[in-house]
């Protein structure tokens, strides 16, 4: 049995519902002390007053708890904002890499400018009719262009075309490009299997 990994304060505050729950519970309890004190004097819940030393200690503890909760909450917010910024930067980098990969593969396959447009729209998930409307051409022309794209890429359809790019983006850095003719299900792979 594998031991559970130890979590850091950072992980508890940003990902752990237990950590955030404890933080909120601490703040609620500390606020409740002050509310109870105010309500008890207004409504008259206490028959006997407590000593001023005990009262000061309780209020000091509650104040320290609220300040601690505020500090930990600010720290958690700072961590989450940092992680968000990192994720956005990674997404921008991946988007740029995807655009570079598209341009590289389109050039490698020798796509015409019209075929590049159609391939890009097809990868975005647009239908043949939508692509034809955007390009102000007939659906037959778009179908002919998509067939030429699939033939040049060595795939049989849109899902395989998209999976070429997804698989290449998921490959380890330095592993080299994934060739469309080495992809399972491609014409070259089917010829080798026959």
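The values are calculated or read from the model by the stated rules, or taken from the named source; none is laboratory data. What you are looking at is a predicted structure, and each value in this text was computed from that prediction instead of being measured. Positions of Cβ are backbone-derived with ideal geometry, glycine not excepted, and every protein chain shown enters the neighbour counts.
Limited to segment 51-69, what total is found for residues that are more than 14 Å from residue 29 (Cβ to Cβ) and either in contact (Cβ under 8 Å) with a residue 24 or more places away in the chain or touching a strand residue (DSSP E or B) at 6+ places or on another chain (Cβ under 7 Å) (or both)?
Number of matching residues: 0.
Just give me the residues in segment 88-105 being surrounded by 12 or more Cβ atoms within 10 Å (Cβ to Cβ) and either on the phi > 0 side of the Ramachandran plot or out of contact with any helix residue (DSSP H, G or I) (no Cβ under 9 Å at 6 or more places or on another chain) (or both), in sequence order.
Once the filter is applied, which keeps residues that are surrounded by 12 or more Cβ atoms within 10 Å (Cβ to Cβ) and either on the phi > 0 side of the Ramachandran plot or out of contact with any helix residue (DSSP H, G or I) (no Cβ under 9 Å at 6 or more places or on another chain) (or both), segment 88-105 yields only 104.
In segment 111-129, which residues are surrounded by 14 or more Cβ atoms within 10 Å (Cβ to Cβ) and assigned to a helix (DSSP H, G or I)?
Those that are surrounded by 14 or more Cβ atoms within 10 Å (Cβ to Cβ) and assigned to a helix (DSSP H, G or I): 114, 115, 116, 117, 118, 119, 120, 121, 122, 123, 128.
Can you tell me which residue is nearest to residue 84 (Cα to Cα) among those in segment 15-73 that are within 36 Å of the chain's Cα centre (by Cα) and assigned to a loop (DSSP other than H, G, I, E, B)?
15
Just one of (1) modelled with pLDDT under 85; (2) surrounded by 12 or more Cβ atoms within 10 Å (Cβ to Cβ) trips up residue 108, so point out which.
(1)
State yes or no: is residue 134 assigned by TED's automatic domain parsing to the domain that holds residue 20 and loosely packed, with under 15 Cβ neighbours inside 10 Å?
No.
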